[in-house]
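Q: First the structure, which I've put down as C-alpha cells, then a few questions once you've had a look.
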Amino acid sequence: MQKTWRAAFHWGNAETPIDHSIAKHIEYFTQLYNVKTNTSSNLPGNEPIVLKQKSRLKAADLSALTKIVGKENITTDDFSRVRYSAGKFYGDLLKLRAKNPGKIADAVVAPRHEEEILKILQYCSKRKIAVTPFGAGSSVTRALETPKGGIVLDMARHMHRVIEFSPVNSTITVEGGILGPALEKHLNEDGFTCGHFPQSFEYSTVAGWVAARGAGQASTGYGRIEDLTVALRVVTPAGIIETKDYPAASIGPDIKQLFLGSEGVFGVISRVTLKVRRYKPQNTRHVSFFFRNFETATNAMREMMHAQSGVPHLFRISDAEETDVALKMKKLDGTMIDKVLTFLGYREMARCLMLVSVEGDSKYTSLVTKKMKKLARKHGGLAVGSYPVKKWLEQRYSSAYMRDPMMDAGIRIDTIETAVSWEKLHGLHQAVRQYIKAQPQTSCLTHISHVYETGANLYFVFASPMAGPNEAQDFAKFHKGLVDVIFKNGGSLSHHHGIGRLTSDRLREEIGPLAHDILKAIKRQLDPAGIMNPGALNL
Ligand SMILES: Cc1cc2nc3c(=O)[nH]c(=O)nc-3n(C[C@H](O)[C@H](O)[C@H](O)COP(=O)(O)OP(=O)(O)OC[C@H]3O[C@@H](n4cnc5c(N)ncnc54)[C@H](O)[C@@H]3O)c2cc1C
C-alpha cells in the first residue's frame with residue numbers, strides 16, 4: 001500500500017476501482033449539480049504523507065513502550081500517525097484532503113495481549129501520555145481525534161482472536177479487535193450468526209461496535225449491540241474489570257452498561273462475549289411494498305411493531321425523495337412500471353418503499369411476512385415481491401465506497417441520524433428536511449432503518465455541491481444548525497454512531513448536569529490521570 005494522504009482517508013483499499021452501481025450514483029449527482037469545484041476540499045491526496053511536525057514522544061517513553069510491545073509493534077512514521085488520528089467523519093476527510101491533519105498522535109502502538117495493554121496504560125498514566133483506543137477507524141463522530149497527541153492503540157493488528165465459542169450457551173467470546181467479516185465467517189462455519197451488520201461491517205471491530213453503542217442493519221430483529229453483549233473485559237488505568245456471562249442478574253446497576261457507548265474514555269475493551277443465533281438463510285423471507293406516502297408506511301410499520309406477532313429483522317422505509325432517487329438509479333422513471341404505479345396512486349415524490357426481511361424458523365418467517373402483508377394492505381401498501389430487498393442486500397455495504405469519489409467530484413455528502421418516539425417522528429422528519437432543503441441545490445434522502453415498539457430512528461443523507469474554499473467552515477455551520485433542529489424537535493443526539501467530539505458539547509444538556517457529573521466521577525475513578533481519549537463524551 002502506498003503511504004499517501006488518500007490511503008489514510010479512503011474507505012477500503014484506495015487502489016480498488018469503483019464498481020458499476022457507485023459509478024451510476026456519482027454520474028447522477030454530478031449531472032444533477034453540474035459541479036465544477038476544484039479546491040483543497042476535493043484534492044485527491046495522491047502524494048505521500050510527509051510532515052514537518054515529527055513525533056514528540058520522548059526517547060525514554062519510546063524505549064519504555066518498546067520494551068512492553070516489542071519494536072515491531074510501535075511506529076512513529078508520518079503515515080501511521082496521520083492514519084490513526086482520524087476517523088471517517090466528513091470533516092476528517094476534508095482535513096486530510098487539505099493535508100492539514102491538525103494535532104495528531106505521536107506513536108501508534110499495537111498491543112498483543114491484555115497484560116501489555118495494562119502495562120501501557122499504567123506507564124502512560126504515570127507519564128500523563130494520552131491514549132486513544134483505535135478499532136478499525138470507521139468512527140464518524142471525531143471520536144478518534146488526538147487533541148493531546150500521545151499514543152493510539154491499534155487493537156485490530158493482533159487482538160483479533162476467538163477465545164471461546166459455546167453452542168450450548170449460544171455465545172462467542174472474542175478479543176475486541178476482531179473485524180466483522182472474521183467474526184461472521186467463524187460463526188457461519190458452525191451454523192451460527194451474530195446478526196450485527198453495520199454498514200461499516202467490513203471495516204469495523206467488535207469492541208468498536210460496543211464502544212460506540214452501535215446498531216446493525218438487522219437490529220430490529222437481532223437487537224442492537226447492547227442487546228447482543230453478554231459480558232466484557234475492560235482494561236482501565238486503574239485495573240481490569242470483568243463482567244460475568246450470567247444470562248441476567250439482580251446485583252445492583254449493570255456495570256457492563258458503563259462501557260457500552262464509552263468511546264474509549266474509561267479504558268480499553270479487550271474481550272467481548274456476544275449472544276449468537278442459529279444461521280438459517282434458507283428460511284429467510286423477503287418482501288417489499290410501495291405505500292402512497294411516508295405517513296401510511298410508518299403507520300403500517302408501527303402497527304407491526306405493536307402486533308405481538310414477531311418482527312422483521314431488516315425493516316426499512318425510504319421516504320419520498322430517497323424512493324425517487326432509488327427508482328431513478330434503476331432507470332425506472334418514465335417506464336411502464338412507473339406509469340402503473342402512478343395510475344394506482346403511488347405518485348412520484350410521495351410514494352415510499354418499505355423493505356422487509358425475516359429470518360429464523362420457517363414457520364416464524366412465514367407468520368411474520370403474512371402479518372406484514374396484511375397490515376400493509378390495510379394501509380394501502382402494494383406488495384412488489386422480494387426483488388428490491390435482494391438488490392438492497394447485494395449492495396448493503398457499497399454506499400460506503402461512494403463518498404470518496406463524490407468528494408473527488410466536488411460533492412458534499414454526509415449523514416446524520418437520530419432516534420425519536422412515534423409521536424414526534426413526522427414533525428422531526430419535516431423540520432430536518434425543511435432545514436436541509438433550505439440550502440441551495442441540496443438533496444435530502446431519509447430512511448427509517450431501526451425500529452422499536454416506542455419509536456424508530458431517522459437517518460438523513462444529504463448531498464450538495466461543496467461550498468468552495470470555505471467548505472470546512474460552511475459545513476461546520478450547517479451541521480451545527482442541523483443538530484439544533486434535531487434537538488429542538490425531540491430527537492436524540494445520536495441513534496447508533498455515538499457522539500465522540502462532534503456533538504459532545506451538547507451531552508451535558510442532553511442528559512443533565514448531574515448525570516454528566518456522574519460520568520466525570522467514574523472517569524476520575526478509572527482514569528485518574530485523564531489519559532483515556534481526552535475530550536470525547538465531553539470528559
Ligand atoms: C460508511 C460508514 C457506515 C457506518 N454504518 C454504521 C452502522 O450501520 N451502524 C453503526 O452502528 N455504526 C455505523 N458506522 C459508524 C462506525 O462504523 C461504528 O461506530 C463502529 O462501531 C466503529 O467501529 P471501529 O472498530 O471502526 O471503531 P473506531 O472507529 O476505531 O473507534 C470508535 C470509538 O470506539 C473506541 N474504541 C475502539 N476500539 C476500542 C476498544 N477496544 N476499547 C475501547 N474503546 C474502543 C474509539 O476510541 C472510538 O471512540 C458507520 C461508519 C461509516 C464510515
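The values are calculated or read from the model by the stated rules, or taken from the named source; none is laboratory data. Note that this is a predicted model, so its numbers are computed, not measured. Because the Cβ atoms are built from the backbone with ideal geometry, glycine has one as well, and the counts that use them run over all protein chains shown.
Q: Answer yes or no as to whether Val162 is within 30 Å of Glu189 (Cβ to Cβ) and more than 10 Å from the ligand (Cβ to nearest atom).
A: Judged against the criteria, Val162 is a match.
Q: If a residue must be surrounded by fewer than 18 Cβ atoms within 10 Å (Cβ to Cβ), small (Gly, Ala, Ser) and within 20 Å of His158 (Cα to Cα), how many such residues does the range 69-126 contain?
A: Final tally of qualifying residues: 1.
Q: Then there is this: Taking the range 5-25 only, how many residues are among the β-branched types (Val, Ile, Thr) and closer than 18 Å to Gln199 by Cα?
A: So the answer is 2.
Q: Still on this structure, I have one more. Of the residues that make up the range 450-472, is at least one away from the ligand (no atom under 14 Å from the Cβ), closer than 20 Å to Glu263 by Cβ, free of Cβ contacts under 8 Å to residues at least 40 places away in the same chain and surrounded by fewer than 20 Cβ atoms within 10 Å (Cβ to Cβ)?
A: Within the range 450-472, none of the residues are away from the ligand (no atom under 14 Å from the Cβ), closer than 20 Å to Glu263 by Cβ, free of Cβ contacts under 8 Å to residues at least 40 places away in the same chain and surrounded by fewer than 20 Cβ atoms within 10 Å (Cβ to Cβ).
Results for (1) at pLDDT below 95; (2) out of contact with any strand residue (DSSP E or B) (no Cβ under 7 Å at 6 or more places or on another chain); (3) among the charged types (D, E, K, R), shown as yes or no for each residue.
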{"site": "Pro388", "(1), (2), (3)": "no, no, no"}
{"site": "Lys391", "(1), (2), (3)": "yes, yes, yes"}
{"site": "Gln395", "(1), (2), (3)": "yes, yes, no"}
{"site": "Asp408", "(1), (2), (3)": "yes, yes, yes"}
{"site": "Ile411", "(1), (2), (3)": "yes, no, no"}
{"site": "His426", "(1), (2), (3)": "no, yes, no"}
{"site": "Leu458", "(1), (2), (3)": "no, no, no"}
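Q: Among the residues of the range 11-22, is any touching a helix residue (DSSP H, G or I) at 6+ places or on another chain (Cβ under 7 Å), of a type in the set (A, V, I, L, M) and modelled with pLDDT of 95 or more?
A: Within the range 11-22, none of the residues are touching a helix residue (DSSP H, G or I) at 6+ places or on another chain (Cβ under 7 Å), of a type in the set (A, V, I, L, M) and modelled with pLDDT of 95 or more.
Q: Would you tally the residues in the range 475-504 being away from the ligand (no atom under 16 Å from the Cβ) and either in a loop (DSSP other than H, G, I, E, B) or free of Cβ contacts under 8 Å to residues at least 40 places away in the same chain (or both)?
A: 8
Q: Something else: Filter the range 98-140 for residues that are within 9 Å of the ligand (Cβ to nearest atom), assigned to a loop (DSSP other than H, G, I, E, B) and either hydroxyl-bearing (Ser, Thr, Tyr) or more than 26 Å from Met407 (Cβ to Cβ) (or both) and give the result.
A: Of everything in the range 98-140, those that are within 9 Å of the ligand (Cβ to nearest atom), assigned to a loop (DSSP other than H, G, I, E, B) and either hydroxyl-bearing (Ser, Thr, Tyr) or more than 26 Å from Met407 (Cβ to Cβ) (or both) turn out to be Ser138, Ser139.
Q: Across the range 1-60, what is the number of residues that are at positive phi and in a helix (DSSP H, G or I)?
A: Count: 0.
Q: Looking at (1) more than 22 Å from the chain's Cα centre (by Cα); (2) away from the ligand (no atom under 16 Å from the Cβ); (3) crowded, with 19+ Cβ neighbours inside 10 Å; (4) not polar (S, T, N, Q), which is the only condition Lys523 fails?
A: Answer for Lys523: the failing condition is (2).
Q: Tally up the residues in the range 505-531 that are more than 17 Å from Phe259 (Cα to Cα) and assigned to a helix (DSSP H, G or I), please.
A: 7
Q: Take Glu189 and tell me if it is free of Cβ contacts under 8 Å to residues at least 60 places away in the same chain and among the charged types (D, E, K, R).
A: Numbers: free of Cβ contacts under 8 Å to residues at least 60 places away in the same chain: yes; among the charged types (D, E, K, R): yes.
For Glu189, the condition - free of Cβ contacts under 8 Å to residues at least 60 places away in the same chain and among the charged types (D, E, K, R) - is met.
Residue-by-condition table, conditions (1) of a type in the set (D, E, K, R); (2) away from the ligand (no atom under 12 Å from the Cβ):
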residue: Arg142; (1), (2): yes, no
residue: Leu179; (1), (2): no, no
residue: Gly191; (1), (2): no, yes
residue: Ala207; (1), (2): no, no
residue: Val210; (1), (2): no, no
residue: Tyr222; (1), (2): no, yes
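Q: Applying the selection to the range 75-84, what residues are in contact with a Phe, Trp or Tyr (Cβ under 9 Å, 6 or more places away or on another chain) and in a loop (DSSP other than H, G, I, E, B)?
A: Tyr84
Q: If I filter the range 203-216 for residues that are closer than 25 Å to Arg316 by Cβ and surrounded by fewer than 20 Cβ atoms within 10 Å (Cβ to Cβ), do I get at least one hit?
A: Checking the range 203-216: not a single residue is closer than 25 Å to Arg316 by Cβ and surrounded by fewer than 20 Cβ atoms within 10 Å (Cβ to Cβ).
Q: Gly264 versus (1) closer than 30 Å to Asp190 by Cβ; (2) near the ligand (Cβ under 8 Å from one of its atoms): which is the lone unmet condition?
A: Evaluating Gly264 over (1) closer than 30 Å to Asp190 by Cβ; (2) near the ligand (Cβ under 8 Å from one of its atoms) leaves (1) as the failure.
Q: For the range 356-388, what are the residues that are among the aliphatic types (A, V, I, L, M) and closer than 23 Å to Leu344 by Cα?
A: Val356, Met372, Leu375, Ala376, Leu382, Ala383, Val384, listed by residue number.
Q: For Glu145, only one of the following conditions fails: (1) under 24 Å from the mean Cα position of the chain (by Cα); (2) among the charged types (D, E, K, R); (3) in the same structural domain as Ser262 (by TED's automatic domain parsing). What is its number?
A: All conditions pass for Glu145, except number (3).
Q: May I pose another question? I'm checking my understanding of the structure. Among residues of the range 218-257 that are among the small types (Gly, Ala, Ser) and outside any loop (DSSP other than H, G, I, E, B), which one is farthest from Asp527 (Cα to Cα)?
A: Applying the filter and picking the extreme gives Gly221.
Q: Suppose the filter is among the acidic types (Asp, Glu), crowded, with 18+ Cβ neighbours inside 10 Å and under 29 Å from Lys424 (Cβ atoms); does Glu322 pass it?
A: Considered against the rule, which asks whether it is among the acidic types (Asp, Glu), crowded, with 18+ Cβ neighbours inside 10 Å and under 29 Å from Lys424 (Cβ atoms), Glu322 comes out as yes.
Q: Something else about it: Could you run through the range 225-239 and say how many residues are within 10 Å of the ligand (Cβ to nearest atom) and under 20 Å from Pro181 (Cβ atoms)?
A: Residues that pass the stated criteria total 1.
Q: Scan the range 411-427 residue by residue and report those that are assigned to a helix (DSSP H, G or I) and not hydrophobic (A, V, I, L, M, F, W, C).
A: Glu423, Lys424, His426, Gly427
Q: If you don't mind, there's one more thing I want to ask. Residues to consider are Glu175, Glu242; find the one that is more than 8 Å from the ligand (Cβ to nearest atom) and either closer than 29 Å to Pro281 by Cβ or crowded, with 23+ Cβ neighbours inside 10 Å (or both). It would help to see each step written out before you state the result.
A: Details: Glu242 fails: either closer than 29 Å to Pro281 by Cβ or crowded, with 23+ Cβ neighbours inside 10 Å (or both).
Checking each option against the conditions leaves just Glu175.
Q: Starting from the range 108-136, keep only residues that are not assigned by TED's automatic domain parsing to the domain that holds Ala211, then list their pairs with residues that are of a type in the set (Phe, Trp, Tyr) whose Cβ atoms are within a distance under 7 Å, requiring at least 6 positions of separation or different chains.
A: From residues that are not assigned by TED's automatic domain parsing to the domain that holds Ala211, the pairs are Val108/Tyr84; Phe134/Tyr84; Ala136/Tyr203.
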